[in-house]
1. So what J values fall out for segment 229-243 if you push phi through Karplus, 6.51 cos²θ - 1.76 cosθ + 1.60 with θ = phi - 60°, rounded to Hz, Gly and Pro as x?
2. Using the Karplus equation 6.51 cos²θ - 1.76 cosθ + 1.60 (θ = phi - 60°), what ³J(HN,Hα) coupling, rounded to whole Hz, does each residue of segment 63-68 give in order, writing x for Gly and Pro?
3. Here are some pairs, Lys107/Lys237; Lys70/Lys175; Lys70/Lys145; Lys107/Lys174; Lys66/Lys133; Lys70/Lys160; which of them have Cα atoms lying more than 28 Å apart in this structure?
4. Relative contact order for segment 229-355 using alpha-carbon pairs under 8 Å, separation at least 6, rounded to a whole percent?
5. Go through segment 205-221 residue by residue and turn each phi into a ³J(HN,Hα) via Karplus (6.51, -1.76, 1.60, θ = phi - 60°); whole Hz please, and just put x for glycine and proline.
6. Would you pull out the residues with amide H under 5 Å of Tyr329's amide H, same chain only if 5 or more places away, H placed 1.01 Å from N?
Amino acid sequence: MSWKNSCRAAGLIAVMTFSLVGCNTEASYSPQEIIEQTLQESKQPLTYYGEYTLDMGELGGKAQVKEWVKDKYRRIEMKGDNDEHVITVKTDSELISYDVTENTAFKMAYPQGELDGLRSPREEVQLVFNLVKDTHEIKIAGEEKVAGRDTYKIVAKTKKTESLFGDIEAWIDKKTWLMLKMKSDNAGNQIITEYSKIIVDEKIDDQQFILDLPEDVTIQEISGEDTSELISLDEAKQQLEKFLMVPQENGLSIDKISMVKGLEDRPEYSFDFGLDGQPAFFITIFKADESMSEIGPILNEKETDIRGQKGTVMDDKNFRSIAWQENGYQYSIVGENPELTIEDLVSYAQQMEFVQ
């Protein structure tokens, strides 16, 4: 599997373009203080040029990455083992990703400044540390040099065998708080990202953030707006024809039904359920795709039997879900109430009945 498809399958795009930034100090900190300091200072703008290697192991091979970062502007060039070459540029009003090998690109335009509040790649990694602070034991494991710079090495080891995130090792630059190296183990696959070069306060010409596409490139325009459409239960029945659904009884009710065009304009339906007036879980349904079964379990998903079908479960304090295929549809139930266990979700799946 190529690294491009691996990232799409496993939701690992954040790992490709990660970095943390915080205050400029060399005082002595505990692991949690380092993380908290990083979180507090992550809005501080930073300009730098870097080169790193992304090694996704058997999941997707290696990629060599170059990146230019200047405040809200970012340019990333990735070259994979199999002649894969992708260039992505983000400005304050547009995101363009160009696949050089396939000569295809997608563009997403948005009102100026609208994405300023979204998580940057560095904040995605910060999110990981926040997610694991209760499930992992975090400690400083020394000070090492990475790309010629002094770093703190922070190790986060899981306290239990089943966790959304496996063991994590991170090397954080003492002065800039950039994360210069990271190792993570998930579902038996190790992912390593490591900088070989980093030049902080590099003078970067704004021209770097202009991507000139070839005249014969195939471009797909993607809307930056929420394109989901609220529909009624009768409309869902008409469009899906015959499908499985949890009965609205014992305090359960459907609060909202939405439809969005997914991959290749495939309709995807989401049923939001409430229990006694509080969000409980949501069910997604779309036409089954054979390629989904080829991907297999990702991260710390485990295979299991659901309604007599081959399925997967992901059981973590921060995220619980089950998924399976049945009668031509792909089903997923995702818990929204943290009190609901995997057993609860499986029980709801068992209660599902055909509607049409």
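Taken together, the values in this text are just the output of simple stated rules run on the coordinates, not laboratory data. It should be emphasised that the depicted structure is a prediction, and the values quoted were computed from it without experimental measurement.
1. For segment 229-243, the Karplus-derived couplings read 10, 6, 10, 8, 5, 4, 5, 4, 4, 5, 7, 8, 6, 10, 8 Hz, x marking Gly and Pro.
2. So the Karplus estimates, Gly and Pro as x, are 9, 9, 10, 10, 9, 10 Hz.
3. Where the Cα-Cα span goes over 28 Å, the pairs concerned are Lys107/Lys237; Lys107/Lys174; Lys66/Lys133; Lys70/Lys160.
4. So the answer I get is 24 percent.
5. Taking θ as phi minus 60°, the curve returns 6, 4, 4, 4, 9, 10, 10, 8, 8, x, 5, 9, 6, 8, 10, 10, 8 Hz for segment 205-221.
6. Ala288
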